[in-house]
Structure formats: structure tokens, C-alpha cells
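Down below is the structure, laid out as C-alpha cells.
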Amino acid sequence: MTIELREGERLDDLRRNGYQIIQNEKLFCFGMDAVLLSGFARVEPGGRALDLGTGTGIIPILLSAKTPGSYFAGLEIFENSVDMARRSVALNHLQERVEIVQGDIRKAGELFAPASFDTVTANPPYMTARHGLVNPDLERAAARHELLCTLEDVTAAAARLLRTGGHFYMVHRPFRLAEIIRTLSAYRLEPKRMRLVYPYVNHEPNMLLIEAVRGGRPRMTVEKPLIVFERPGEYTEEVRELYGY
């Protein structure tokens, strides 16, 4: 299928099933956190999955390639990103499995039926509005800072849309771990599995992957660390596999 690329856009190879994604460097391109989240999340055969704040649709597209789920939705507020995501879905002939919905995470309960998903994923903005400099471009700023939704907004949406026993997967920053666990627990999303991501084996972690279960019982497994680089410019074998190298 031929898909028109607009000014500033490019096609990137996802190294999965021949899939490609449309991105625009002037807006916001997906990063390693999205790739790690897609490798951490699980969607069971026939399962329904929703990605909150999907951007250009990277998580639904990767999960459709990596898991046996039957339906993948992505919710995104910005029209430009929604347009790119929908064209990427069409480019990869995924219209029967992947749907991109435009809307606000804070109103997700009005866009989808309650308890209608088995899996929810999120790669939310890591910084509160008080953390550091905020990009003057709203779309880029909202990807990094909690300008349009907070950690609690994302958690509340996941809790409302997950069935009992459904799984919520999120990538975030370790410095907010205590807040993350408190917020998940407040919405009856019981933390069950966590993995810290380290840039190098002798560095502090700079990302965390966490899984919670709606209505689950208390007990959490902390998995072995995920190390990104063997040395500068060289990924570890595990990360190369996640990227499909």
C-alpha cells in the first residue's frame, strides 16, 4: 500500500513482521522506553489491549506483532499524531486489529466501555509541571511533562477500563516509584511485577517497568535488572532481541 508522507515525515523500520511507522522529528518520535514496554507487556490469545497516550501508535503496532491479542487500541489527544498513527496502521494492513482513537485520557471512560480491556499500557509523561524546563511546543512538552494528564489520571483510566484480573503495564522513572505504588494501590491496581532498567551495569537505573493487576492480591516480584548497553554504542543481547536485531 502506498501511503503519502507529509512534509517532515519519515518511515522507520520496526524490524517486526515487516512493519513500518510514520514519524516526524519536529513532533515526537518514540524512544527506547516504548520498545522496552512492548517487550515487558503481555497480551493473551484473543485479548483486548489499550495503550493510553499512544503518540504515533508504536505500542499497539508492536504489540500486534509480538502478542496473540485480537484487538489493540491506541488513545491519543493530538490530531497530528493520530493522523500519523492511523496511516501507519493502514500502511501495515492492521485495520482489522488496530484502532486509533482521538481523545483525552481524562475522558477515556466516555470513549470506551468500563472493564472492556484485558491489558492496558502506558508510557506517560515522566515529569510533573514543576520538574525542569518545559518545551514551548505543547505536543512535545506534553510527552515529557504532566501538562494534559497526571500519573493519577492515567492510573484512574486504566483502573476503569480494565476488567477484574486485567493487567496494567507502565514504563516510568525510578525517582517516582513510591508515588507510583501509592497511586496504583489507591485504584486497586496491585503491583505484581517490576523491573529496573540500567543504562550500564555500573550505573543507577533510569527507567522502571511495572505491572499491576486490577483487584490482585498483594505480592510483587522484582525481576533481574535489564542492562541496555554493553559499552557505548553497543546494546546488550537482550536489548538487541527486543529491537529485532
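Scan segment 150-201 for residues that are assigned to a helix (DSSP H, G or I) and touching a residue at least 60 places away in the same chain (Cβ under 8 Å) and the total you get is 4. Against the conditions (1) within 18 Å of H167 (Cα to Cα); (2) within 18 Å of the chain's Cα centre (by Cα); (3) in a loop (DSSP other than H, G, I, E, B), G55 satisfies every one except (1).
Only residues that are in contact (Cβ under 8 Å) with a residue 60 or more places away in the chain, over 22 Å from D13 (Cβ atoms) and not aromatic (F, W, Y) were counted across segment 80-120, and they come to 4.
Every listed requirement among (1) surrounded by fewer than 20 Cβ atoms within 10 Å (Cβ to Cβ); (2) modelled with pLDDT of 95 or more is met by N80 save one, (2).
Scanning segment 1-52 for residues that are farther than 15 Å from V89 by Cα, part of a loop (DSSP other than H, G, I, E, B) and at pLDDT 95 or above yields A41, R42, V43, E44, P45, G46, G47.
The values are calculated or read from the model by the stated rules, or taken from the named source; none is laboratory data. Note that the structure is a prediction, hence the values are computed from the model and not measured. Because the Cβ atoms are built from the backbone with ideal geometry, glycine has one as well, and the counts that use them run over all protein chains shown.
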